[in-house]
Amino acid sequence: MTQSRIEDADVCLILEGSYPYVAGGVSTWANDLIKAQAPLTFSIVALTSDEQPRELRYELPENVVGVVQVALRSRAEGSEGRVGTTRMIRELTRALIEMRGETSFQGFRQAVALISKARSSLGTRMLMNSPAAWEMITAMYREDAPESSFLEYFWTWRALFGGLFATLLCDLPKAKVYHTISTGYAGLVAARAALETGRPSVLTEHGIYTNERRIEITMAEWLYDAAESWYQIETPRWDLRQLWMAAFQAYARVCYESCTEITTLYGGNQILQRADGAPPERMRIIPNGIDAEFYGAIHRDTSERRPTVALIGRVVPIKDIKTYIRAADVLRKSVPNVLCWVMGPADEDKEYAEECFELVRYLELEDTIQFLGRVKIADYLGKIDVLALTSISEAQPLVILEAGAAGVPTVATDVGACREMIEGRPDEDPVLGPAGEIVSLSSPNAAAAAMGRLLLDRDWWQRCSDAIRARTERYYNKREIDRVYNEMYLRMMATPDTAQAYATQPSGRAAAPLAPVASSGRR
């Protein structure tokens, strides 16, 4: 676990698998947020999969006082424990089991209290590689999945709880406000910060973490359950996929319960948040915003050139680049000279990227599709006629707004806030009209037809272009969004510390949950 002590900050921003080590998407949003909130100071807790040093993908703004890297998988550290540690781990086992149910927050509160008393001498060696840890694993196995393969459960447990222990053991920078950009492990760090420091924590969910993990777990070829449940009269209490999902849902409940405000980008996300236990009275919508003036000033290239479509995003499965490639194959039948760009890094999932390259070669699309890598989008927007987004999961993709401010219509799958951005918000007045088209998931033919209509019907293209320009300026201008976040930070910074009773309560007795805080703004 790579850690460094840094000076106190106004805001501690907590991110998992993104800023400042991964480019694009949420990372770009975080970088822009920090710069826009100067002179407020920020510290960064960056959760990474392992301890390998990462290269910064952004030049850190001057108001960032430091970065703490926390590895979710780390070498065994700490001592073998001290007198009473074994008893503490038995109490911790009960707390972790309690986290599985509706009392997730009480279980987590107790786990924080237990770890906090022994953090100076406790480490992953005692929590994961000791006789007491073995007793903890076997006890939880009997509780969770006794019909499943113990070997599979063992490695699943180490992956899930190794990450949990990392969030409980890591150095926690001091700040006046803790702001997590997801639930999951980042959400646990924010929940721990709220408990230990008494300072407010806030959540901004772009994509719903539990939903994205559900998709990954369903698609995972490496994850299977060895229990032969097909011949049993009663199915096992858990299979391992359910175990993964139950853990992430519990982590979400913990984060929601600890946060003063729970913000997200659009109303559809709030349905999923409520289903995962978010208190409705704390929920609030703050959409993403972009520099509408900057992108609106981009000059369109009206010279003689090939009609151009672009997918702006990472070459990873969740972006479903393969559907875009197949759509390009269909599109070239009606627009033979079409040029299809893929603009985004291809080094995050090299195996998937190679499969995409091979599909291009197989379909003989080398003259149609070009992979440009990571580029400065503003340099290309004037040459793009249609933006394409074929993702199977999104939140509120900024690329639709950035392209839209430059007058580029979009063809997108029906994910996240895409329909709202392209077809208009329910409260849109006056109605601006469509800014492109929404198509079904994994449908190359539908995507190709929608892109072809925009490329071949000039009047339709112009109406869509005018609509997205106006909608972006009216509802998604970053100046207004920055003001909303600034007001939220200042309000929370002025909040008195919350007295934390958990540290003085006897073991096994949960303190009262944090009191709800009324939200402000739109619901």
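Between residue 285 and residue 155, what FRET efficiency follows from the Cβ-Cβ distance if R0 is 60 Å, with the result rounded to 0.05?
On the way: r = 39 Å, r/R0 = 0.66.
So, using R0 = 60 Å, E works out to roughly 0.95.
By how many degrees, between 0 and 90 and to the nearest 10, does the Cα long axis of helix 104-118 differ from the longest principal axis of the chain?
Between the helix axis and the principal axis of the chain, the angle is about 60 degrees.
Need one number: nm distance between label points at residue 275 and residue 138, each 7 Å from Cα along Cα→Cβ, rounded to one decimal.
3.9 nm
Compute the helix-to-body angle for 150-169: its Cα long axis versus the longest principal axis of the chain, expressed 0 to 90° and rounded to tens.
90 degrees
Among 340-348, 387-395, how do they line up by average Cβ neighbours within 10 Å per residue, starting with the highest? Please report the intermediate quantities before stating the final value.
On the way: 340-348: 20.3, 387-395: 23.8.
In decreasing order of mean packing, 340-348, 387-395 become 387-395, 340-348.
Can you give me the Kirkwood hydrodynamic radius for segment 292-475, using every pair of distinct Cα atoms, in Å to one decimal? Before the final figure, lay out the partial values.
Values: mean 1/r = 0.0617 Å⁻¹.
Result for segment 292-475 stands at 16.2 Å.
Going down the table (319/376; 117/174; 176/376; 174/478; 350/478; 319/350), which pairs top 23 Å between alpha carbons?
176/376; 174/478; 350/478
Which semi-axes, in whole Å and largest first, does the equivalent ellipsoid of segment 137-203 have when worked out from the alpha carbon gyration tensor as the square roots of 5 times its eigenvalues?
Numbers: eigenvalues 194, 22, 19 Å².
The answer is 31, 10, 10 Å, longest axis first.
May I ask you to order 468-479, 246-257 by the average number of other C-beta atoms within 10 Å around their residues, highest value first?
246-257, 468-479
Using the Karplus curve 6.51 cos²θ - 1.76 cosθ + 1.60 with θ = phi - 60°, what ³J(HN,Hα) values do you get for each residue of segment 33-47, in whole Hz, with x for Gly and Pro?
My calculation for segment 33-47 gives 4, 4, 5, 5, 9, 4, x, 4, 9, 10, 10, 10, 9, 10, 7 Hz in order.
Determine the dipole magnitude for the chain: charges of +1 sit on the beta-carbon of Lys and Arg, -1 on that of Asp and Glu, nothing else is charged, the reference point is the Cα centre, and the result goes in debye to the nearest 20.
Working: 58 positive and 69 negative charges, 231 e Å.
Its charge dipole is roughly 1100 debye.
Cα extents of segment 1-46 along the three principal axes, largest first, in whole Å?
30, 27, 10
If I take every Cα pair under 8 Å that is 6 or more residues apart in the chain, average their sequence separation and divide by the length, what percent do I get for the relative contact order?
RCO, the chain: 15 percent.
So for segment 292-475: antiparallel DSSP bridges make up what percent, rounded to the nearest 5?
Details: 0 of 18 bridges.
Antiparallel bridges make up about 0 percent of those DSSP assigns within segment 292-475.
Could you state the angle between the C-alpha long axis of helix 131-144 and the longest principal axis of the C-alpha atoms of the chain, as a value from 0 to 90 degrees rounded to the nearest 10?
Result, in degrees: 60.
A short reminder: the numbers here are calculations on the coordinates, not readings from a lab. Everything numeric here is computed off the predicted structure, so don't read it as measured data. Ideal geometry is used to build each Cβ from the backbone, glycine not excepted, and the neighbour counts take in all protein chains shown.
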